[in-house]
Amino acid sequence: KNQVEQSPQSLIILEGKNCTLQCNYTVSPFSNLRWYKQDTGRGPVSLTIMTFSENTKSNGRYTATLDADTKQSSLHITASQLSDSASYICVVTSDNYGQNFVFGPGTRLSVLP
Amino acid sequence: IAGITQAPTSQILAAGRRMTLRCTQDMRHNAMYWYRQDLGLGLRLIHYSNTAGTTGKGEVPDGYSVSRANTDDFPLTLASAVPSQTSVYFCASSDQPRGGRGALHFGNGTRLTVT
């Protein structure tokens, strides 16, 4: 079964600290992996997208990594800010499954002052 | 501002009533999607449309219907709402059907409560 799992379910950190969110997937075949940020009451917004051949992709303080062999990805947030408080969703795209986007349940990040 | 507009923002609906959630995009994307988001679960696909005039069923289509008369609009209808349809509904669009590297844009959702 095509699945995307994320850990931790929730995370609380202090402003200025770094953190890493994890994503494991069993989706096959694999086209690309995306990370989205979802603020409370808003729709998800794309942070990064990586294909099979890309190991890392950065977007400002956000850096995503991909290990296609182990089917794992991580999202590292550097020098966190209060505005980073949100849910972070991992999405894997398959060429041949349903309509192709398999969503993880998200990690809820709270950044405290 | 380019993007996806959903309406209403929120709605409380009595069970058994009919409801249409509206979705309009101005990016001229071919593909559009309806998802529901429930606590602890990933977004689940309800219905999709790869291009105007065509629609398809997603993972959880029962109790919902869609139409795609033109490129911009993709309404979702609940013919007879039930409490299990209480959820947040997101409309999305992509310039590439079937995923690929195409951007996937989301609206800000409709929060629906069925009582």
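Just so it is clear, none of the values below were taken in a lab; they were calculated from the coordinates. Just so we're clear, the structure is a prediction, and the values are computed from it rather than from any experiment. No Cβ is skipped: glycine too gets one built from the backbone with ideal geometry, and neighbour counts run over all protein chains shown.
Cα-based values for segment B:46-115, radius of gyration first and Dmax second, are 12.8, 40 Å. Sparse packing (at most 14 other Cβ atoms within 10 Å of the Cβ) combined with a DSSP loop state is found for the following trypsin sites (Lys or Arg not before Pro) in segment A:1-41: A:K1, A:K17.
FRET efficiency for the A:D69 to B:N30 pair, using the beta carbon distance and R₀ = 45 Å, is estimated at 0.85. Shielding value for A:47-57 is 1, the average number of Cβ atoms from other chains within 10 Å of each residue's Cβ. Note on chain A: Cα convex hull, mean projected area over all directions, 6.7 nm². Ordering B:105-115, A:20-30 by mean Cβ neighbour count within 10 Å, with the highest value first, yields B:105-115, A:20-30.
The fraction of all Cα pairs in the protein assembly as shown landing in successive 5 Å bins from 0 to the largest distance is 1, 7, 14, 19, 19, 16, 12, 7, 3, 1, 0, given as whole percents. Counting Cβ atoms of other protein chains within 10 Å of each Cβ in B:29-41 and taking the mean gives 2.
With contacts taken as Cα pairs under 8 Å and at least 6 residues apart, chain B reaches a relative contact order of 35 percent.
Restricting attention to chain A, the count of lysine pairs at 8 or more positions apart or across chains with alpha carbons under 23 Å apart stands at 6.
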